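Report on one structure; see the data block that follows.
The values are calculated or read from the model by the stated rules, or taken from the named source; none is laboratory data. No experiment lies behind these values; they were computed from the predicted model shown. With ideal geometry, Cβ positions are generated from the backbone for all residues, glycine too; neighbour counts draw on all protein chains shown. Keep in mind that these areas ignore ligands, DNA and RNA; they rest on the heavy atoms of the full protein, side chains included. Shrake-Rupley method; radii C 1.70, N 1.55, O 1.52, S 1.80 Å.
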Amino acid sequence: MSTDQDHVIWHVRCRPDTTSDGHRRVLDLLGDFTPVVQPLPPLAALAQLRGAGRLFQAAPGRLAARFRIQALAKYGVDTHIGIADTWATAATATAHPGTSGILHLPGHRAVEQFLAPLPVRALHGIGPAQAARLEAFGLHTIGALAAMNETIVCRVLGGKAGRTLRDRARGIDPRTVTPRRMPESTSAYDRDVYDHVLVRAALRTDGVVT
């Protein structure tokens, strides 16, 4: 039987002063926990922890704490980890990890309670120009975006981008973690270089996808 621990995504973010070598070491360490690791240069990564909780006999938050300790002890790299069942929610969570450096959102209610009060600019993947347009229409929080009629959001942001961002505000993100090798050179973007829908939408509105 499937459990919440079977479909856990980690978004791991290294401190801004981490070197490229430190980032690579973090990716190697993630490989000790799961074979499904997707680098997000220059300083982040995704990991799909399907079944890892049973393998290591640890809950997702405890397993993430173990990873953080090892990364710091072995390589001197401090990390923040967001844990959720979707990429976008986990990535949003890494910006608000609290004093533990880890934020685990174990279900829909936890995701909703976490996302709803955050400013709309905090939503993973939204550009400044997109956020400004939403705010001009009175949508200042992620919860307000999630509750807004889809047709109206699509008129404000455009069809694909509007639907995508509204879904993410509701904790919905169908993207999967895709194992990749670390590229030889890194990009200035650490998250949505693979998200072509939002990249194109951001360019059309003079936004920057972050």
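With a 1.4 Å probe and every protein chain left in place, tell me how much accessible area residue 114 has, in Å² to the nearest 10. The accessible area comes out at roughly 30 Å².
If you wrap the tightest convex hull around every Cα atom of region 139-183 and split its volume per residue, you get 105 Å³. Between amide H atoms placed 1.01 Å from N, distances below 5 Å from residue 40 occur with 45, 46, all of them 5 or more places distant or on a separate chain.
Around the amide H of residue 102, modelled in the peptide plane, lie the amide H atoms of 81, all under 5 Å away and 5 or more residues distant in sequence or on another chain. Shape class of region 1-158 from the Cα gyration tensor (axes a ≥ b ≥ c, square roots of the eigenvalues): prolate, since a/c reaches 1.5 or more and a/b is larger than b/c.
A Cβ-based charge dipole, computed about the Cα centre of region 78-182 with Lys and Arg at +1 and Asp and Glu at -1, lands at about 360 debye.
Considering only DSSP states other than H, G, I, E and B, which GluC sites (Glu not before Pro) in region 85-182 qualify as loop sites with at most 10 other Cβ atoms within 10 Å? The qualifying sites: there are none.
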